[in-house]
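The values are calculated or read from the model by the stated rules, or taken from the named source; none is laboratory data. Predicted model, so just to flag it, every value in this text is computed and none were measured. Cβ placement follows ideal geometry from the backbone for every residue including glycine, while neighbour counts extend to all protein chains displayed.
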Amino acid sequence: MPLRLLPSTLVDRIAAGEVVERPAAALKEIVENALDAGARRIEIVIDGGGRRLMRVTDDGCGMDAGELALAVERHATSKLDSEDLLAIHTLGFRGEALPSIGAVARLSITSRTKGAETAHEIRVEGGAKGPVKPAALGFGTRVEVRDLFFATPARLKFLKSERAETAAAVDAVKRLALARPEVGFTLVTDERAPVTWPARADDAAGRRARIADVLGHEVGANALDIDGLREGARLSGLAGLPTYAKANSLSQYLFVNGRPVRDKVLIGAIRAAYADLLPSDRHPVTALFLDLDPREVDVNVHPAKTEVRFRDAGNVRALIVRTLTDALALAVPRTASTAAEKLAQFARPDFAGYRAEPRPGNYDWTRSWAAPEGSGGVSHLSHPNVPDSQHRPAGAPGGDIPGFHEKSRGFDFDFGGTGAPGLGLALAPGADARANAAPAAPDLMERPLGAARAQLHATYIIAQTADGVVVVDQHAAHERIVYEKLKAAMERDGLARQMLLVPLVVELDPSEAGRLAERANALEKLGLVIEPFGPGALLVREVPALLGDADVTALLRELAEHAAEWDDALPLERRLLHIAATMACHGSVRAGRRLRVEEMNALLREMEATPNAAQCNHGRPTFVTLALADIERLFARR
């Protein structure tokens, strides 16, 4: 086949495939043009997922007839004042968007500059340009795109459903609206009522208000303000609480010099900052704005301009990791405000399925309430004078024995003592649920996590604050405390070791024992000294002192199970932290252990002084706060 020059229309359609991947990409380019034109108000209309219609109207500077004719020519732009591609201050600069859209759709542009007597319009259909004609329009510009890809029908089969394309277009608008809070936006789609985001101040408060407008007030209520500076680069915005994470990274909004991007360096840095706080399948919600010298970032590496390249990627990564890590560590322990709402969904009284059953005995007032299958047990009402009663007087042995609990599931209510007149009965809660047994110290109730009042099911600490209640998972909370102590000791001067009087032999699968033996040096840095002891066995000589009386055998077996996941490509620090997290889990207070009031309060105070105490090493919340207003909603008082 001989060489030949391609027709200009075909060249335009090929080029359009790079710029106009889907309706959302075309819409993004048009809205960016409006922003670069100085618009303070933008109205966007989408129909059919953007395939049938996209209309963008702005109040920007507008174009005269001559500029309008140039606007649809390839590589014509008003956004570069020099040939220096490293000093770009606008969103668009390639001069390809409008010609590319016109090559595959029916495009019309109407524009009028301030002070002009009339507006002008130009049309482009499938690459064929029409003449510039007078038209009617107030100052500004209106760009209308109809029948996208009519000139390249093969592209239509690659589009998703109208609903999916609409969602992608809306997301593109959201990102631009977040980038420019000082611009008002109105968005109209065929699937929901019009949405208006009013113009906000161009400062931190205005940015937070715009984030609440676009992403919802729930995001603002569950995020921390971020502000960091490093070698001329500045990071600001909001970072979501770890307990307000999502199943994917679509809720991560990232901006470089006001440009929405999806950059691997930034996403990787965010993942690193949250590594100790979230499991691998959860992603934080963020709206982060990175501002730096335009010469330090190349935005001309991708036709869609969604990817960038940093001159000093290490500095950018360090800025993001350090700023996020510090903000999350220094914040007062908080869990997502949605926790109370989730609790309310399950707090619906439902007694259907409970039935009264007679129990043997010479008394007629006792009922045995059989719980529905799977609820965890049977609750008995019993009398102290009846032989088969389960009553145990207050102070009897067992109340303070660690791990002692008559029924770990179900509910035990014991009647005894002197009760209400005429009944001769008094309700005495089980030993692990006596709220009045722990007096509430007024000074402690003013602390963030309040004063311990009770322990439920030997697992959950109930604390009272000045305006609500805090429920703490004692194992998860202590796990975070131990983990942070391990990390601090590693950074400071290494972990204190405790030599075993008699070395412990741990039997393992030979392959697992081999993997652990290969990593003996890394384990020794964390205070765990092991050595091979024949086929499939390890000898443990020293353990970290912080682990106390942890089950070393169980710890070694779990470490062995996860040893294959410690990718040697990871930095040594990350591998050590993986190991430390496992150690912390085994060295913490276990669920099922009874705690005295002093121990519970000590745990609460340590949580308040521990970084990242709102979630355990696996990303689960360590406590839930219920304000009085939340409790009143549970009981329909509000």
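Rundown of residues vs (1) surrounded by fewer than 16 Cβ atoms within 10 Å (Cβ to Cβ); (2) closer than 19 Å to Arg593 by Cα, yes/no style:
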residue	(1), (2)
Leu456	yes, yes
Thr459	no, yes
Asp467	yes, no
Asp473	no, yes
His478	no, yes
Leu500	yes, no
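In region 511-520, is there at least one residue being among the basic types (Lys, Arg), without any contact (Cβ under 8 Å) to a residue 40 or more places away in the chain and assigned to a helix (DSSP H, G or I)? Taking every residue of region 511-520 in turn, none turns out to be among the basic types (Lys, Arg), without any contact (Cβ under 8 Å) to a residue 40 or more places away in the chain and assigned to a helix (DSSP H, G or I).
Might you let me know whether region 240-261 holds any residue that is outside the structural domain of Ala39 (by TED's automatic domain parsing), assigned to a loop (DSSP other than H, G, I, E, B) and closer than 17 Å to Leu35 by Cβ? Before the answer, list the steps.
Of the residues in region 240-261, the ones outside the structural domain of Ala39 (by TED's automatic domain parsing) are 240-261.
From what's left, assigned to a loop (DSSP other than H, G, I, E, B): 241, 245, 247-248, 257-258.
Those left that are additionally closer than 17 Å to Leu35 by Cβ: 257-258.
Among the residues of region 240-261, at least one is outside the structural domain of Ala39 (by TED's automatic domain parsing), assigned to a loop (DSSP other than H, G, I, E, B) and closer than 17 Å to Leu35 by Cβ, which makes the answer yes.
Looking at region 262-280 only, could you name the residues that are among the hydrophobic types (A, V, I, L, M, F, W, C) and part of a helix (DSSP H, G or I)?
Start the filter on region 262-280 by keeping residues that are among the hydrophobic types (A, V, I, L, M, F, W, C), which leaves 265-267, 269-270, 272-273, 275, 277-278.
Correct list: Val265, Leu266, Ile267, Ala269, Ile270, Ala272, Ala273.
Just to verify a result, which residue in region 445-454, among those that are among the hydrophobic types (A, V, I, L, M, F, W, C) and either modelled with pLDDT of 90 or more or within 13 Å of Leu595 (Cα to Cα) (or both), is surrounded by the fewest Cβ atoms within 10 Å (Cβ to Cβ)? Restricting to residues being among the hydrophobic types (A, V, I, L, M, F, W, C) and either modelled with pLDDT of 90 or more or within 13 Å of Leu595 (Cα to Cα) (or both), the top hit is Ala454.
Determine whether region 90-98 contains at least one residue that is within 30 Å of Val256 (Cα to Cα), β-branched (Val, Ile, Thr), touching a Lys or Arg at 6+ places or on another chain (Cβ under 7 Å) and surrounded by 18 or more Cβ atoms within 10 Å (Cβ to Cβ).
yes
For (1) modelled with pLDDT of 95 or more; (2) surrounded by 15 or more Cβ atoms within 10 Å (Cβ to Cβ); (3) assigned by TED's automatic domain parsing to the domain that holds Arg22; (4) in contact with a strand residue (DSSP E or B) (Cβ under 7 Å, 6 or more places away or on another chain), each residue gets a yes or a no:
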residue	(1), (2), (3), (4)
Ser100	no, yes, yes, no
Lys114	no, no, yes, no
His120	yes, yes, yes, yes
Gly184	yes, yes, yes, yes
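Of the residues making up region 521-551, those that are charged (D, E, K, R) and either part of a loop (DSSP other than H, G, I, E, B) or at pLDDT 80 or above (or both) are Glu524, Glu531, Arg541, Glu542, Asp549, Asp551.
Results for (1) among the hydrophobic types (A, V, I, L, M, F, W, C); (2) more than 17 Å from the chain's Cα centre (by Cα); (3) under 14 Å from Leu288 (Cα atoms), shown as yes or no for each residue.
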{"residue": "Glu191", "(1), (2), (3)": "no, yes, no"}
{"residue": "Pro198", "(1), (2), (3)": "no, yes, no"}
{"residue": "Ala201", "(1), (2), (3)": "yes, yes, no"}
{"residue": "Ile211", "(1), (2), (3)": "yes, no, yes"}
{"residue": "Leu215", "(1), (2), (3)": "yes, no, yes"}
{"residue": "Asp225", "(1), (2), (3)": "no, no, yes"}
{"residue": "Leu229", "(1), (2), (3)": "yes, yes, yes"}
{"residue": "Gly232", "(1), (2), (3)": "no, yes, no"}
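Let me confirm something: among Arg593, Arg574, which residue is closer than 30 Å to Leu508 by Cα and modelled with pLDDT under 65? Outline the logic, then answer.
Numbers: Arg593 fails: modelled with pLDDT under 65.
The conditions single out Arg574.
The conditions of being touching a strand residue (DSSP E or B) at 6+ places or on another chain (Cβ under 7 Å) and either under 20 Å from Leu10 (Cβ atoms) or assigned to a loop (DSSP other than H, G, I, E, B) (or both) are met by Leu137.
Specify which of the listed residues (Val308, Val299) is buried (at least 19 other Cβ atoms within 10 Å of the Cβ), of a type in the set (A, V, I, L, M, F, W, C) and modelled with pLDDT of 85 or more. If you could, list the steps in order and put the result at the bottom.
Working: Val299 fails: modelled with pLDDT of 85 or more.
Residue meeting the stated conditions: Val308.
Residues in region 96-154 that are in contact (Cβ under 8 Å) with a residue 60 or more places away in the chain and touching a Cys at 6+ places or on another chain (Cβ under 9 Å): Phe139, Gly140, Thr141. Restricting to region 150-168, what's the tally of residues that are surrounded by 20 or more Cβ atoms within 10 Å (Cβ to Cβ) and within 19 Å of Ile109 (Cβ to Cβ)? Count: 1.
If you go through region 483-497 and keep only what is surrounded by 14 or more Cβ atoms within 10 Å (Cβ to Cβ) and modelled with pLDDT of 75 or more, you end up with Tyr483, Glu484, Lys485, Leu486, Lys487, Ala489, Arg497. Which ones in region 594-632 are buried (at least 17 other Cβ atoms within 10 Å of the Cβ) and more than 21 Å from Gly450 (Cα to Cα)? Within region 594-632, Asn617, Gly619 qualify.
Matching residues to (1) in contact with a Lys or Arg (Cβ under 8 Å, 6 or more places away or on another chain); (2) farther than 20 Å from Val316 by Cα; (3) at pLDDT 95 or above:
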position	(1), (2), (3)
Leu250	no, yes, no
Ile267	no, no, no
Ala272	yes, no, no
Asp293	no, no, no
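A Cβ distance below 6 Å, combined with a sequence gap of six or more or placement on separate chains, defines the contacts here; from region 23-50, residues that are farther than 18 Å from Arg106 by Cα reach residues that are in a helix (DSSP H, G or I) in the pairs Ile42/Ala34. Selection of region 154-174 for residues being in a helix (DSSP H, G or I), in contact with a helix residue (DSSP H, G or I) (Cβ under 8 Å, 6 or more places away or on another chain) and not small (Gly, Ala, Ser) yields Arg155, Glu162, Arg163, Glu165, Thr166, Asp171, Val173, Lys174. On the basis of being over 30 Å from Ile101 (Cα atoms), without any contact (Cβ under 8 Å) to a residue 60 or more places away in the chain and in contact with a strand residue (DSSP E or B) (Cβ under 6 Å, 6 or more places away or on another chain), does Leu319 make the cut? So Leu319 fails the test.
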